[in-house]
Ligand SMILES: [Zn+2]
């Protein structure tokens, strides 16, 4: 019976129910435990395996509200006190594996995906529990395993010799959001280009609100891992290149989807610097990239839309923002079912609208909210540059409950008509996304 309580507490219950302030210094050392897992399965089954454990450098994450993830996410990792089941640390995330589960290939094949996570290094023997959620925000796969801090097989991160440059300084590891930008597809002779491109990435982020006003909260470090060949692989052109972390286009047979499935290579390359968020900067002029919540942002460096797309993808990866677009052709009605409120802060199914932007909605606003006439007449993406500031402000700032978001034309709603999370042409995040980004910065720094 003594084991029953921790087991009951471990079933990925809503974490706020267990929230209680945990003393960092009592339970954790000032070091980082990297945990590598393999997520395996197909469209309907998931299994998690532990692959490796690595001790890396100073802990760059938060030291307050340790047991409370900011968002539910598509998965959670938690460090538990074995005797009581008390949550000592928790964070949430999304994965490429779960995106793949929605593809046709997952109906026919079982595949495996690498994933790496960081938790503070425990002072005492603990249990770590990692779980994946289904589209109803219910746990569908869970692995729980012990970690002993004196385990001799916890690998020690070695110096990889990669050059690092500091691009922004936001203060101590405890008080700043720590971002690392990793080179991918840059040869040894392209070192200078990488550091220039990484500085452009920093400038793109800091050119957009609310990052611009909060830039003092961010530390950004760039790590140069040389590749044998220049540029990512482009499978549709039968071009495969030998690069530091094996990035490629055509992920899930989608030509613009640039990713890497070699997360262990990514974490080995950045293992000598402290970080909480990872941007993999890929040396290519071809449009492409992606952002996965608390996992990775990956972005091609030289396309004309580099800056706005990087900021959009970082919105996914940093603040868990959903895409606010939906197009007729997509027709995927299974991602956000009507009986479940999505955990992403900037979309709603109206299942639990009070948890979203109901407090910002002007009284008397009809639900769903009709769009402005210009939205019905024109494709605003094509004429955005011709619109007056007043028209842009109406589309970007007039809060409502507009139907069509999260790839679904019906049943999913967005807060404004146009936002940085909807179209590339719109420069600004909407007020709801802005609030979510500010809340995320506060979460890491206050
Ligand atoms: Zn938005």
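The values are calculated or read from the model by the stated rules, or taken from the named source; none is laboratory data. These numbers come from a predicted model, not from an experiment. No Cβ is skipped: glycine too gets one built from the backbone with ideal geometry, and neighbour counts run over all protein chains shown.
Summary table
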quantity	calculated
Residues of region 364-404 satisfying the condition of being without any contact (Cβ under 8 Å) to a residue 40 or more places away in the chain, under 18 Å from residue 421 (Cβ atoms) and surrounded by 14 or more Cβ atoms within 10 Å (Cβ to Cβ)	369, 392, 394, 395, 396, 397, 398, 400, 402, 403
Any hit, region 105-115, residues being over 29 Å from residue 341 (Cβ atoms), modelled with pLDDT of 95 or more and touching a helix residue (DSSP H, G or I) at 6+ places or on another chain (Cβ under 6 Å)	yes
Residues of region 407-433 classified as out of contact with any helix residue (DSSP H, G or I) (no Cβ under 8 Å at 6 or more places or on another chain), modelled with pLDDT of 95 or more and under 20 Å from residue 290 (Cα atoms), total	1
Which listed residue, of 203, 134, is loosely packed, with under 14 Cβ neighbours inside 10 Å and either farther than 21 Å from residue 115 by Cα or under 23 Å from the mean Cα position of the chain (by Cα) (or both)	203
Residues satisfying the stated conditions in region 409-435, i.e. surrounded by fewer than 23 Cβ atoms within 10 Å (Cβ to Cβ), more than 9 Å from the ligand (Cβ to nearest atom) and more than 24 Å from residue 383 (Cβ to Cβ)	410, 411, 435
Filtered residues of region 49-75 (kept if buried (at least 22 other Cβ atoms within 10 Å of the Cβ) and assigned to a strand (DSSP E or B))	56, 75
Some residue of region 116-124 being in contact (Cβ under 8 Å) with a residue 12 or more places away in the chain, more than 19 Å from the chain's Cα centre (by Cα), buried (at least 17 other Cβ atoms within 10 Å of the Cβ) and over 28 Å from residue 443 (Cα atoms)	no
Among (1) assigned to a loop (DSSP other than H, G, I, E, B); (2) within 16 Å of the ligand (Cβ to nearest atom); (3) over 18 Å from residue 312 (Cα atoms); (4) at pLDDT below 95, the one test that residue 400 misses	(4)
Where a residue in region 420-437 is more than 12 Å from residue 305 (Cα to Cα) and its partner, wherever it lies, is assigned to a helix (DSSP H, G or I) and near the ligand (Cβ under 6 Å from one of its atoms), with Cβ under 6 Å and at least six apart	421/433
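Per-residue answers, yes or no, for (1) in contact with a strand residue (DSSP E or B) (Cβ under 9 Å, 6 or more places away or on another chain); (2) under 21 Å from residue 276 (Cβ atoms):
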{"site": "99", "(1), (2)": "yes, no"}
{"site": "103", "(1), (2)": "no, no"}
{"site": "111", "(1), (2)": "yes, no"}
{"site": "115", "(1), (2)": "yes, yes"}
{"site": "120", "(1), (2)": "yes, yes"}
{"site": "128", "(1), (2)": "yes, yes"}
